[in-house]
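Undergrad: This structure is in structure tokens; I'll ask about it shortly.
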């Protein structure tokens with residue numbers, strides 16, 4: 001059973017961390033998609049403080065991985081749908097944190113993005129540009145030119161620059177960042193689908209991904225294969241094992257066909 005919940009970023013970030021599985025596509029938003037998001041935020045700022053803006057659906061697989069940090073516990077959720085928008089919003093929050101003067105708000109955002117042990121990140125990715133994202137969220141370090149090896153790396157570096165420019169422009173226009181931070185944390189709404197059922201996860205992936213970039217043929221194939229594998233399995237354990245096997249196949253580079261073009265094309 002999967003039940004949707006309406007949540008703001010504050011609620012979404014309260015007791016969970018997000019992981020982008022290796023079989024997911026890379027960060028692929030381009031400046032056009034980011035500018036659309038920035039435009040939504042600017043328009044919301046013009047409206048009353050009680051107004052919310054629906055951003056997207058987010059589909060997550062609730063894993064059994066729970067990380068203790070001090071007296072708190074954070075459960076890991078695999079992001080099945082919504083990673084592009086979620087990643088971009090987290091990059092905006094990091095850009096705000098870099099601009100803020102030392103104080104409670106700066107510390108608060110730091111603790112949201114990087115949990116108390118300095119190793120548990122709010123957003124984790126297992127693909128090849130993981131280090132670029134980790135360095136930025138932990139240290140605010142921009143990817144160096146010699147680190148850019150794929151189109152996915154270039155997209156991520158471009159996103160970091162775009163988000164920092166957006167925050168800088170906001171600061172120049174509004175004079176402070178508290179309004180932007182309140183808006184992001186309290187007035188952006190998401191319909192969140194959490195499930196621990198592999199069968200449901202891969203069945204709803206294609207249906208719910210109706211905003212942002214179109215779902216390409218590779219993602220559709222992945223979704224169909226994993227959903228079918230779980231449906232045909234003789235037991236839940238067998239289904240989980242088969243899906244794990246498919247995950248490993250999906251992560252494995254293949255020579256002799258255009259795999260690199262689909263998953264982090266080199267240039």
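No value in this document is a laboratory result; all are computed from the given coordinates. What you see is a predicted model, and the numbers here were worked out from it, not measured in a lab. Here the Cβ is made from the backbone with ideal geometry for all residues, glycine too, and neighbour counts use every protein chain on show.
Undergrad: Given the condition buried (at least 18 other Cβ atoms within 10 Å of the Cβ) and touching a strand residue (DSSP E or B) at 6+ places or on another chain (Cβ under 6 Å), answer yes or no: does some residue in the stretch 94-103 qualify?
TA: no
Undergrad: Next question. Inside the stretch 46-69, can you point out the residues that are surrounded by fewer than 13 Cβ atoms within 10 Å (Cβ to Cβ) and assigned to a strand (DSSP E or B)?
TA: Within the stretch 46-69, the first condition is being surrounded by fewer than 13 Cβ atoms within 10 Å (Cβ to Cβ), and the residues that meet it are 46-51, 54, 64-66, 68.
54, 64, 65, 66, 68, listed by residue number.
Undergrad: Report, by residue number, each residue of the stretch 100-117 that is touching a helix residue (DSSP H, G or I) at 6+ places or on another chain (Cβ under 7 Å) and over 18 Å from residue 9 (Cβ atoms).
TA: Within the stretch 100-117, none qualify.
Undergrad: Pull up the stretch 158-185, narrow it to residues that are out of contact with any helix residue (DSSP H, G or I) (no Cβ under 8 Å at 6 or more places or on another chain) and over 18 Å from residue 88 (Cβ atoms), then point me to the one that is surrounded by the most Cβ atoms within 10 Å (Cβ to Cβ). Break it down into steps so the answer makes sense when it comes.
TA: As a first pass, look at the stretch 158-185 and keep what is out of contact with any helix residue (DSSP H, G or I) (no Cβ under 8 Å at 6 or more places or on another chain): 161, 165, 169, 172-173, 175-176, 182.
The next check asks that each one be over 18 Å from residue 88 (Cβ atoms); those that pass are 172-173, 175-176, 182.
On the way: 172: 8, 173: 9, 175: 9, 176: 11, 182: 13.
Among them, the one singled out is 182.
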